[in-house]
Amino acid sequence: MSKSLPYSVKDVHYDNAKFRHRSFFKVITQTLFTSDMKRECVSCSTGKFLGLFMIFGLACLMLTHASKTPSVTDGLSKGLGTNEEQKVVTDVGVRFKKLLRRAPRLPPRLSGNEKVSSGIFTGKPNEHDEEKWKARQRNVKEAFTHAWSGYKKFAMGYDELLPLSMQGFDGLGGLGATVVDSLDTAMIMGLEEVVSEAGSWIESNLLERISQKGDVNLFETTIRVLGGLLSAYHLSGGDQDMNLANTGPKPTIYLEIAKKLADRLLSAFTSSPTPIPYSDVLLKNSSAHPSSNLLSSTSEVSTLQLEFNYLSAISGDPKYKTEGMKVFAHFKTLPKVEGLVPIYVSPHSGEFIGQEIRLGSRGDSYYEYLIKVWLQLRSIQDGNFTYLYDMYEEAMRGVRHLLVQKTIPNELVFVGELPGGSKGSFSPKMDHLVCFLPGTLALGATKGITKEKAMKDNLLTIEDFENLKLAEDLAKTCFEMYSVTSTGLAPEIAYFHTKDFYEDGLGGGNQSSEYVNDIIIKFNDRHNLLRPETVESLFVLYRITQDPKYREWGWQIFQSFEKYTKVDSGGYTSLNDVTTLPPPRRDKMETFFLGETLKYLYLLFGDSSVIPLDKFVFNTEAHPFPIKDAIYLEGGNNMMKGTM
Ligand code: DMJ
């Protein structure tokens, strides 16, 4: 694999060391073990070394005899032995810190110029701007209404709408997936009529479907149907013991159906001989079986936990969380390539299978849920879940080291694949699915607060800055995957021109794009399924950096959806080829167009206080669940129906 373009701190132009918050223990260990220090120690004389040793010893003596000071831990500290040892280290640490910090450190302040160069935008949009974005948000709401009206007219109760043939299709097991996936978007948009229609359909039909239907995929059903029910429960006031929705069923109806569904889905875990669940469930008799190749996808088995954890929290029944979290606890023990994992896992042996590594299909949301599940559970202070954060950080280091390269000639940053594991060659190929990563990286860096606030409060480490930089660069590439085509819509997969790879004549068709020679689109990859990942990342990056360019990019993408995918009779359709005009159409409106794509666009153009990212976590299908300390704690509180 070519390592000519490592993506590391060298590429980050922030002087961020001064903003970094490090514990005393980290300061000492990191200093001792940085390679520079090691190199210097090897060459220094014994005299110098003894001198240093004596100074250090004296400092320790002074500190251990100073007065007592309460210790502070940051919830992420780890690797210490007994409580006693930890106490000693933290006490000494606090004293040492006090000594070092006798002169108070001023909070970092950025000059106007620095704010611009660091990508921080603090200026309030003017009134005209506000009106412009409100109008654009109304356009998205109208698009949702148009999509729903097509579905309602031709496909109500089916999983998906085929908008060109004007009929319904059950591609997801027949649970009316579009109804459930759309419901919380309608709630967020305040579309009461849709909430009433979708809510009533769910109340009258879904339980019966669950008890009668056949094969469903565990992952798809969890993220779309279970996830949709759970966020509808929350948004309609369920875990505040209130009914906030003016229309539709009571919140407890959503919860009751969610429990019945999850009880059957649990069979995928309980029938498997390992902690890795089978991929498919036969709902009608609560049995489960593996897929035809006997394998489960890594991303599928690790993208159930946000939903199962939240269900345990609101139902008071710990069984969902217990089963789901066994997957991560098991993954923790398996060998990895710099934190990266193969895309298949066997439910029979519990081992990863094959060597293919990618952040696209079958790999993607493993990485997304590592950080999101940690964010969901981190308020549980016993440190049990810190390993998720560590696995995430290690994996992102692996991404930056092994998978990130830049294109020729314009240096677009992309995340490629390792088709043969760490020993195989590098493939300069990126699924559109990988475009979830900028949003996840930004979220992982600031934990959902703005970059400005995170910097003011000294919360960002060097790795956080590296991840944020990668997030912004990668979001740009994802956007250019749209603007390089004739339709302004991205292909399903893009290849990138590098020193080892180029194919002529396979541009996106937009000759005025600066990147027409950087991005290569093969014939079989030219379709667009109305996917959300890029607008999802634009939404998260806008919330975190406040940079208006993300809104403008989102608006351009939305206009292209309007222009080329809208079907007059109702609904929107996938395309077969985004590089030709007019684009050949495919006849399918995926449920995630209503559940995710339009929801993220609506939130991107709206007020940032709606569903704030430090108080909610979106599941991989864009269904928001609240992060409330109390609800995930053992024992819960009065709001809880029981314990987890
Ligand atoms: C959605 O179902 C989810 O976002 C999933 O994580 C990936 N695939 C689709 C959208 O592209």
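Worth pointing out:
- Test result for Asp547, part of a loop (DSSP other than H, G, I, E, B), touching a helix residue (DSSP H, G or I) at 6+ places or on another chain (Cβ under 9 Å) and of a type in the set (D, E, K, R): yes
- Residue count for the range 490-507, restricted to those that are more than 16 Å from the ligand (Cβ to nearest atom) and out of contact with any Pro (no Cβ under 9 Å at 6 or more places or on another chain): 7
- Total residues in the range 209-243, condition surrounded by fewer than 19 Cβ atoms within 10 Å (Cβ to Cβ), under 21 Å from Lys628 (Cα atoms) and within 11 Å of the ligand (Cβ to nearest atom): 0
- Filter result for the condition that a residue is more than 21 Å from Ser486 (Cα to Cα) and polar (S, T, N, Q), over Thr545, Thr580, Thr565: Thr545
- Gly173 meets all of the listed conditions (1) surrounded by 24 or more Cβ atoms within 10 Å (Cβ to Cβ); (2) under 25 Å from Arg362 (Cα atoms) but one, namely (1).
- The set of residues from the range 523-539 being within 16 Å of Thr487 (Cβ to Cβ) and touching a Leu at 6+ places or on another chain (Cβ under 9 Å) comprises Phe523, Arg526, His527, Asn528, Leu529, Leu530, Arg531, Val535.
- Residues in the range 360-377 that are surrounded by 23 or more Cβ atoms within 10 Å (Cβ to Cβ), among the charged types (D, E, K, R) and either within 16 Å of Ser296 (Cβ to Cβ) or more than 10 Å from the ligand (Cβ to nearest atom) (or both): Asp364, Lys372.
- Residue match in the range 337-348 (condition: at positive phi and more than 16 Å from the ligand (Cβ to nearest atom)): yes
- Test: residue in the range 235-249 that is closer than 18 Å to Ala155 by Cβ and either polar (S, T, N, Q) or part of a helix (DSSP H, G or I) (or both): no
- Cβ separations smaller than 7 Å between residues 6+ apart or across chains give the following pairs from the range 204-228 residues that are touching a residue at least 24 places away in the same chain (Cβ under 8 Å) to residues that are among the β-branched types (Val, Ile, Thr) and within 16 Å of the ligand (Cβ to nearest atom): Phe219/Thr303; Ile223/Thr303; Ile223/Thr620; Arg224/Val180; Arg224/Thr591; Val225/Val180; Gly228/Val180.
- Only one of Ile314, Ile357 that is away from the ligand (no atom under 16 Å from the Cβ), within 26 Å of Asn293 (Cα to Cα), surrounded by 21 or more Cβ atoms within 10 Å (Cβ to Cβ) and not basic (Lys, Arg): Ile357
- Residue satisfying all of: in the range 378-404; modelled with pLDDT of 95 or more and within 16 Å of Val327 (Cβ to Cβ); farthest from the ligand (Cβ to nearest atom) among these: Tyr387
- Inter-residue pairs, beta-carbon under 8 Å, first within 9 Å of Thr178 (Cα to Cα) and in the range 579-596, second within 16 Å of the ligand (Cβ to nearest atom) and of a type in the set (Lys, Arg), 6+ apart: Glu590/Arg531; Thr591/Arg224; Phe592/Arg224; Phe592/Arg531; Gly595/Arg224
- Within the range 566-595, the residues that satisfy the criterion of being out of contact with any Lys or Arg (no Cβ under 8 Å at 6 or more places or on another chain) and part of a helix (DSSP H, G or I) are Phe593, Leu594.
- The range 255-271, residues that are surrounded by fewer than 20 Cβ atoms within 10 Å (Cβ to Cβ) and closer than 13 Å to Pro290 by Cα: Thr270, Ser271
- Matching residues in the range 170-188 - criterion: being among the small types (Gly, Ala, Ser) and either in a helix (DSSP H, G or I) or closer than 19 Å to Val610 by Cα (or both): Ala177, Ser182, Ala186
Residue by residue, here is whether (1) more than 30 Å from Glu417 (Cβ to Cβ); (2) surrounded by fewer than 20 Cβ atoms within 10 Å (Cβ to Cβ) holds:
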residue	(1), (2)
Ser286	yes, yes
His289	no, yes
Thr298	no, no
Pro318	yes, yes
Met325	no, no
Lys332	no, yes
Ile343	no, no
Ser346	no, yes
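- The range 476-534: number of residues that are farther than 19 Å from Glu562 by Cβ and of a type in the set (Ser, Thr, Tyr): 7
- Residue that is more than 30 Å from Leu443 (Cβ to Cβ) and of a type in the set (Gly, Ala, Ser), where the choices are Gly505, Gly595, Gly488: Gly505
- Of all residues in the range 165-192 being touching a Ser or Thr at 6+ places or on another chain (Cβ under 8 Å) and more than 21 Å from Thr597 (Cβ to Cβ), the one that is nearest to the ligand (Cβ to nearest atom): Gly173
- Restricting attention to the range 553-565, the residues that are more than 17 Å from Arg138 (Cβ to Cβ) and among the charged types (D, E, K, R) add up to 1.
- Restricting the range 531-567 to residues that are closer than 25 Å to Ala155 by Cβ, away from the ligand (no atom under 16 Å from the Cβ) and of a type in the set (Phe, Trp, Tyr), the residue that is surrounded by the most Cβ atoms within 10 Å (Cβ to Cβ): Phe558
- Scan of the range 585-605 for residues that are within 16 Å of the ligand (Cβ to nearest atom), among the charged types (D, E, K, R) and more than 20 Å from Tyr158 (Cα to Cα), ordered by number: Lys599
- Residue in the range 568-584 that is of a type in the set (Phe, Trp, Tyr), within 16 Å of the ligand (Cβ to nearest atom) and under 23 Å from Lys372 (Cβ atoms) present: no
- Selection from the range 508-530 of residues that are part of a loop (DSSP other than H, G, I, E, B), more than 16 Å from the ligand (Cβ to nearest atom) and touching a residue at least 60 places away in the same chain (Cβ under 8 Å): Gly508, Glu514, Tyr515, Asn517, Asp518
The values are calculated or read from the model by the stated rules, or taken from the named source; none is laboratory data. In this text, all values refer to a predicted model and were calculated from it rather than measured experimentally. So basically every Cβ, Gly included, is an ideal-geometry build from the backbone, and we count neighbours across all protein chains shown.
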